[in-house]
Amino acid sequence: MKPEETEVWEPVPKVVTPGEHNTAPPSDAIVLFDGKNIDEWVYAKDKAPAQWKVADGILTVVKDGKGNIETKKTFKDYQLHVEWRVPANITGSGQARGNSGIFLASTGEGDAGYELQVLDAYNNKTYVNGMAGSIYKQAIPLANPALKPGEWETYDIVWTAPRFNEDGSLKTPAYATVFFNGVLVENHFELQGETRFIGKPFYKAYDRAPIKLQAHGDKSEPLSFRNIWVRELN
C-alpha cells in the first residue's frame, strides 16, 4: 500500500478557539453561568425562574425549600465545566457537610436523574460511594484531590447519555468521565442507571434532559458555584 491510502482528509474538524486559560469557556461553549445572572436556570419543581443568590460573580445555593434548579436547555452528550466552593466556615460532618450534587441528566423533580456528588471531602469521612467525585452510590472516585473549605474546586466532565430502544428498553448505558481539580477520578464509568439514595439504580427512557444543581436539605452553610459552561457533543 501507499501511505496515501490510509490518509483521511474529510470531514475536517471545526475550528474551536480555546479560552484564555483552561477553565475559560471555548468559542463553541454554551455559558450556563457567567457570574452575572441565572437566566439559564429554572426551579426543577415548577419551572419558575431560579432565585438563588448571585453576588460578586458567584452563584450561592438558597435553601428556602424551593429545591433544585436546572437548565432551561436540554442536552444529550456533552463536556461540562463547573467550579464549586464549600464555605470556609462549613459545619457538620459526613453527608451533612457542604452537600450538593450536579445531576448530569435531570429526569424529573427532586433528585431524579444521574448525580455526580458535591461534598466537602477534605478530612471529612463518609461512605466512599457518596464522597465528592463519586457517581452517587455507584462509582467510588479513583482519588481524592479535594481542597480545603473556602477554596474553589473544579469538575470537568464528559457525559455520554444512555440510549433507548423504541419500546423504552436500554440500548446503550450512560458513561461518565470526571476530572476533579485536574485529577481523573472517574474513567469512562458505565452507570447502572439513575442514582438512588435508597434502593438499586434503574434506567427509564428519556431523550434529552436538563443539567440540575441540588439544593440539599442538610443544615450546613450553603455552597457556591461559578464559571459553568457546556459543549454539546452531538
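The values are calculated or read from the model by the stated rules, or taken from the named source; none is laboratory data. As the structure is a prediction and not an experimental result, all values here were calculated from the model. All Cβ positions, glycine included, derive from the backbone under ideal geometry; neighbour counts span all protein chains shown. Surface accessibility is based on the protein's heavy atoms, side chains included, excluding ligands, DNA and RNA. Shrake-Rupley method; radii C 1.70, N 1.55, O 1.52, S 1.80 Å.
List of remarks:
- Selection from the range 35-63 of residues that are farther than 16 Å from P222 by Cβ, of a type outside the set (S, T, N, Q) and exposed (fewer than 14 other Cβ atoms within 10 Å of the Cβ): K36, D39, D46, K47, A48, P49, G57
- Some residue of the range 206-223 being among the aromatic types (F, W, Y), open to solvent by 20 Å² or more (accessible area, probe 1.4 Å) and under 23 Å from T177 (Cα atoms): yes
- Selection status of N129, closer than 23 Å to E190 by Cα, free of Cβ contacts under 8 Å to residues at least 40 places away in the same chain and open to solvent by 10 Å² or more (accessible area, probe 1.4 Å): yes
- Criterion: free of Cβ contacts under 8 Å to residues at least 40 places away in the same chain, open to solvent by 30 Å² or more (accessible area, probe 1.4 Å) and in a loop (DSSP other than H, G, I, E, B) - qualifying residue of L142, L147: L147
- Residues that are surrounded by fewer than 16 Cβ atoms within 10 Å (Cβ to Cβ) and either in contact (Cβ under 8 Å) with a residue 12 or more places away in the chain or not in a loop (DSSP other than H, G, I, E, B) (or both), drawn from the range 185-198: N187, H188, E190, F197
- Residue in the range 10-34 that is nearest to L59 (Cα to Cα), counting only those that are of a type in the set (V, I, T) and open to solvent by 100 Å² or more (accessible area, probe 1.4 Å): V15
- Verdict on L80 being closer than 22 Å to A176 by Cα and open to solvent by less than 20 Å² (accessible area, probe 1.4 Å): yes
- Within the range 165-184, being open to solvent by less than 30 Å² (accessible area, probe 1.4 Å), of a type in the set (A, V, I, L, M) and part of a strand (DSSP E or B) holds for A176, V178.
- Residues (closer than 19 Å to G193 by Cβ and surrounded by fewer than 19 Cβ atoms within 10 Å (Cβ to Cβ)) located in the range 103-126: T107, G108, E109, G110
- Listed conditions (1) touching a Gly at 6+ places or on another chain (Cβ under 8 Å); (2) crowded, with 19+ Cβ neighbours inside 10 Å are all met by I135, apart from (1).
- Here V86 passes the criteria (1) closer than 14 Å to L213 by Cα; (2) buried (at least 23 other Cβ atoms within 10 Å of the Cβ); (3) not hydroxyl-bearing (S, T, Y) except the one numbered (1).
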